[in-house]
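Comments concern the structure below.
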Amino acid sequence: MFTPQQPSGRSRASPFTPNPRGGPRSSQNKRTSGLFTPNRRASANVSRSHIGSRSLTTSQIVDETAQHRVENYGVPLPVLITEALTLADRNTEITVKIDPSGWAWLVAGRKLFIWKYKASGSGRGIQCKELSLPPSDLAHNAARVCVLPHHSENQPPACIAVTPEGVVRYWSNIAYESSTAEISAELKGEETDCVVNCQPYGCLLATTTSSLVLLLPSQGQNVIVCQPIKSSQGMFAGFGRRMSSFIFGATPSQTSGMPLQAVVSGPEEEDSRPFYVLSGTLLQKWNLSDSHTEKISFQVDVDRLYKEALAKQLWGQESVQLPQLKTWLLDIQTTSYGVMILGAGVNIESTDTLHYSIMSLSTSHDIPPTSLDSFINIDHVDKYSERNEEKVLGYQLLVPGSGNNSAYVYNRNTIFIVNQEGENSATDKMELQGVHDMYLGAGSTDGKALFFSNSHGLFSLSPQNHIDTSILEESGHDPFTQNDGSMMGNNLPQVTELSQSDSKSARLKAAFLSSISGNIQQAQSILSELFPPELSSEDGTGSEVDELVVGLSCDVIDDYPASDPRWAQNIKQGDVTNSSSSLLILQQLKDKEKAHSYLIAFLKKLHLWDRLSIINVNSTYMSTTSVLCEHAEKLTAAITLRQLQTEHHTDIIDECIKHVFKMRGENLRRLPSGLTPQDIFYREVSRIEEVIEALVELETDTLEKEPSPQRRVTLITAVNSIIEGMLTTALQYRQSKAEAYISPTILGLQQEYKPWTSTGGPRGLRTLLFKQVNLTVEGAVTEIKDDDTKNVVFQQLLVISDILLDGYSNQLESLRRSDGNEEAYITLEQKYQQERQNLITPLVENEEYERALSLAEKYSDFQTLIMVCEKTNNNERLQRYVEQYNEQGFSTVLFDWYMKHGRRGRLFSQQIGNSRDLGQFLESDNNRYLSWLHDISNQQYTQAHETLLDLARTETTFASKKKTLLSLSKLTALASDNQSPDMKERMDEIDDQLDLILHQEQLPPDSLQHLGMDTNNMSVLKPQEIIELYISEINAVATEYEFKKALDLLQYLDQEDDDIDINELRLHIWSKAVLRDNWKDNKASDPLDTIKDTIFFKTVDLAYNEGLDLTEYLPSVEEILQSEELGDLRNHPNFQFLIKAGYEHLQSVM
C-alpha cells in the first residue's frame, strides 16, 4: 500500500517555474492502492486559477500514490442519480456510460438518467433528466444508449435507446420525455450489444453476433431510420468470390454470426468517419461517408498476431509450436495512431496461468496492418478454468489519450493502470474495498480517465507526471520574455529547482537557462539524463524529444510579460521569472523573438537539433524544425501587426482584437484587472493568425452595410495592407531562414508540409485569403476611379496571391518528396491549378498583364503565359518562354492551346516553337491527322504518305474524307520518288481502296436514301455492305450491271478472313439474280428465248463479253439447284429445265 502524500493547495505553475513537489519519483514494482478505504482517504481542495477564465468546479484529491492520483471529478451528482443508487434493489443491474462530450447516463431497470457532469459556461440548460426505456424481458444496459449532444452547449441533447430485442426509441430532445419515435431494428432474433455514436453519419447498433445496423436520426424531429450494414458484394460474389480469393487473396467479408467483442468509432475525418469491429479473431475497419454508404477498408486476423507476440515474449517460441495456446480478444479502444486491443491468453498444455496483454496497431491507412506496433504484457495474472472463464475474461480497456500515456484495464472491482511506454512498465492496481462497491462504468474526457462507482460517484484517475504536464499546458504562465538574454539564466536557485523537477519540460527549461548563463556543462548533464541516446523515434511518428522541444518553443512565444505590474497582480509571485524588463508590447515581442533565437542556438549547440524528427500537429505530421520555424514566423507577424497598429491602422486593429475575444467566447468585461485586450492578445503569439479571421469577418459585415464606394475601397485596401504586412514578413523570414531550419534527421523522413499561412477549413488562412481576394475583386476593383488606387489594389492582389500560391507550392513539393502520397499529390495539384487560375484571371481580365505574367512565370502557369502573349501579339516573349521552359514541356502546352482555341495555323509558324517538339506533339493519336502537314513542310514525303494512308485506313465516318486522304497519300508518294517494293504495295492498296469508294459512289440513290445517306454524306461501307445494297430488294430496278458490279466487289474481300466465305457470298449474288425473274411459266417453244431476258443470264452474258472465265465466275448448275435462298423454286420442273438448258447452251459455246 502506498502512503498517501499530504495534499497541499496550490495554483498552477508557470512552465518556467520549478515544480514545488521536489525531485522525481520512481516506482519499479507493481503497487496496490486500496481506494477509498478509511485509513487511506485523503483530500485536499485544489485551487484552480486561470488567466482570462475561471473553473466552475473544484477537485478533491481522494487517494494518491507515487504514480497516480484519484480525484473527484465534475459537478456534484444530481439528486436523481444519488437517489437511484441509494434506492435501487440489489438485484437491479445498474450500468453507467461516460461520454467525452461532458454527458453521462445511468441505466437502472427501465429508468434512464442523463446528466451533465461537466459544468457549462452559462450554467443554464438541463443538468439531469429521467426517461423511461421501452419494455423488455431482458436487462437494459447503458451500452445500448447513446446521447447525442446538441451543437449549442445550452441546448438539451438527443438520445437513442435500444432494447436487447432491437426496439429503438429516439428522443430528438430529452427535455420532452413523451415526444419520441419508436421503430424495430428487425434483428430477426439477434440480441443487441451496444450503440455507438458515429455522428454526423448516424449511430451504429451492433448485435452480440456482430450484425450491424446504422441508425439515422433526424435532428430536431422525432424521426429515425434503420439501415442494415452489409459488406459490398462487388463483382466477385459466390463462386466468383472464391475464385478472386484464390487469385488476389481473401477479400474482407462481414463478420455476422461471430461473437462480438466491441465496436468503437474513430475520429471524424474530412468526408468520412471510420469505425472498428472486433469480432471473433478478426478486426475490421469500416468507413461511413456523407452518402450513408459504408465499406470495409480492411480486415486483419489480430488473434494470429497476438498469438505470435505472446508465444515469443512469454515462452520464446513460435505460436505454431504451442498448439494448446488459447487466446481471447477482450476489448478495443482507438488511439491517435490507430487502435489498442486488450487480450488474454493461456498455454493450457503447461499451466493454468492466464496472462493479459495490450497491443496496438496502426490503422491510419486503409491497408491491413501486418504486425503489431507495440505489445505490453500486463503485470497481472489469473488462474484459468472453464468454470471461472466469464469472470477472468470480464476485463475492459480504457485509453484516454491526449497526453495521458496510461492504459486502464478494469472490471467491476479492480483497475490496473499500465504505462504504455516500454514493455516492462510498472503496473498500478486500484481496488474497491467495500463489500458491495463496484465500478459501474468508465470513460474519458480531455485526456483524463473517468470511472463511476456506486459508492463514490464520478472520479478521475491520472498519472502524476500527466498531472504535472497538464498544469504546464493548461495554465500558460510562461514568464520568459526579456530584453537581454544574459538575464535569463541569472536566477540560479530557480535553475537548480527546475533541474530537480520530475517534469521533463521543466528540466529541459533548466538546461536551456543554464546554457544561457554560460553553464554548458550543467546543461549537458541535464540533457544527458533527460534524453538518453536510445530515446528516439523508430516508427516515423516523432519522439518525446520533439514534443518537449516544441512545447518549450511554444512557451517562449506565448510568454507572459512578468515585469508588467498589471500582470503581476494576476500571477503568483512564485510563477514569475522576471525575464523581461520591458513594459511595452512591441518591445516584449522583440524580446520573445530574441529569446526564440537563443532557443534555436541552444538546440544546435547542445546537439538536440540533430535528434529532431517529426511531430503531430492537428492530426498531421510535420517536421519539428518546420514547427519551430513557424513559431518564429508568427513572432515576426505579431511584431509587424503591432507596428501597423501603432502607426497606421489603430482603430481597425483595435476593433479586430476585440472581435478575436468574441470569437473565442471570452467576455471583455471579465479581463484581469488593469489589462487591456491588446495585452492579452499579443501575449499569446501562437494564435496571432486569429486576427486575420477577425479582420475578414468585420470587413465583410461592414461592406454589407456601407453604401459609399469610396469608403468600401478604403476599408478593403486597409485590410489588405494589414494582411499583406503580417504575412509578407512571415514569408520573408521563412525564405531567408530556410537553411537555418534544416535538420539532417528529417531528410529521410519527408512529411507533407502545410504552412500555417496555408491552413484549410472554414477558419483556415488559405480559405480566408481566398475570401479576401474575392472581396477585393468584387468590392474594390470595380469601384476604383484613379490610377494610384488602382496600382495599390492590384499590387495587394499580387502579393496576397503570391502568398497563397507559395503555400500551395511548398505543400506540393513536400508531397512530391514523400513516399506513398501520390494520390494526395494529384488531388492537391488539381486544386492548386484551379486556384492558380482563379487568382491570376482577375489580373488578366483587367489588363494587368505584367503582374499576371510575374505570377504565371513564378508558378509555371503556362496557359496564362500563352494567353497573354497571344493577346498582346508578343511572339518574341512567347519564343523566350518556349526556350526557358523547354524541359517543363511548355511547347506541348503551347501546341495544345493552339489546337483547343482553333488556331492550328499557328502550329506551323516558323516563329514559334521548334520542329522536333512539334513533331512529337503531332505523333499523338489526337493530333496525328495534322502531322502529315508538318512532314510535308520538312519535305518528308514518304512519312507524310504513310501517315495519310494510316489515317485513311482508320477513317470510317466519311467516305469522301477517306477518298481525300487516299488521294493525298498517293500524291505524296509520287512526290517522294520512292520506288521500293513496299511503296508499290501501298500504292496498289490505295488504288484498290479508291476503286472500292468508286463502287460505293455509284450506288443507286434509292439505296442510299434507305440508309439515310446521300452521295455527299456517306459513311465508309465494307465491300459486303456495298454488295448487299446493289442486289437487295431495295434496289428494285437493279440490272445485270448492278449484279456484275456486286460480283466484281468480291475481289476486295479479305481472302484470309475466316468470317467471310467468298464462295457462299458469290452463290448469294447469283441466287438474288435468279429471284429477279419468273421461271415457272415457259410459253416460248425455245427455252433460250425465255432465259435470254432473265437477269441471271444477262449477267452471265455481260461477264462472258468482258472476257471473264465463267468456270470460276459462275457457280455450277448443281450449286444453283441446291441454293437454299431459292426456296421451292429450286424444285420446280420448269425452273430446273430452263436453268439446265441455259447451262447446256453455255457449255456448247465456251
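The values are calculated or read from the model by the stated rules, or taken from the named source; none is laboratory data. None of the values given here were measured: they were computed from a predicted structure. FYI the Cβ positions are ideal-geometry reconstructions off the backbone, even for glycines, and counts take in every protein chain you see. Keep in mind that these areas ignore ligands, DNA and RNA; they rest on the heavy atoms of the full protein, side chains included. Shrake-Rupley method; radii C 1.70, N 1.55, O 1.52, S 1.80 Å.
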Subject >> Base-10 log of normalised Debye intensity for the stretch 282-426 (one unit scatterer per alpha-carbon) at q = 0.12, 0.14, 0.18 Å⁻¹ >> reply: -0.52, -0.69, -1.09
**OP:** Run a plain Debye calculation on the stretch 1022-1147 (Cα atoms as equal point scatterers, no solvent) and give log10 I(q)/I(0) at q = 0.15 Å⁻¹, rounded to two decimals, same order as the q list.
**Re:** -0.69
Subject >> Per-residue ³J(HN,Hα) for the stretch 662-669, Karplus 6.51 cos²θ - 1.76 cosθ + 1.60, θ = phi - 60°, Hz, x for Gly and Pro >> reply: 5, 5, 6, x, 9, 7, 5, 6
**OP:** Lys and Arg at +1, Asp and Glu at -1: add these up for the other residues within a Cβ distance under 14 Å of ASN411 and post the number.
**Re:** -3
**OP:** Return the loop-located GluC sites (Glu not before Pro) in the stretch 307-356 (DSSP other than H, G, I, E, B) with at most 13 other Cβ atoms within 10 Å of their own Cβ; answer none if there are none.
**Re:** GLU318, GLU349
Original post:
Going from most exposed to least, what order do GLU190, GLU390 have by accessible area with a 1.4 Å probe?
Top reply: GLU390, GLU190
**OP:** Starting from the Cα of LYS790, draw a straight line to each of the aspartates and glutamates and keep only those under 15 Å, dropping any in the same chain fewer than 8 residues away.
**Re:** GLU778, GLU845, GLU847, GLU848, GLU850
**OP:** Output the peptides 1002-1011, 630-639, 213-222 sorted from most to least packed, where packing is the average of other Cβ atoms within 10 Å over each peptide's residues.
**Re:** 630-639, 213-222, 1002-1011
**OP:** Could you tell me which of the pairs LYS504/LYS605; LYS1098/LYS1140; LYS111/LYS295; LYS871/LYS961; LYS970/LYS1045; LYS97/LYS662 are separated by over 27 angstrom between their Cα atoms in the structure shown?
**Re:** LYS111/LYS295; LYS871/LYS961; LYS97/LYS662
**OP:** Please give the peptides 957-968, 191-202 ranked by average Cβ packing (other Cβ atoms within 10 Å per residue), highest first, as a rough proxy for protection.
**Re:** 191-202, 957-968
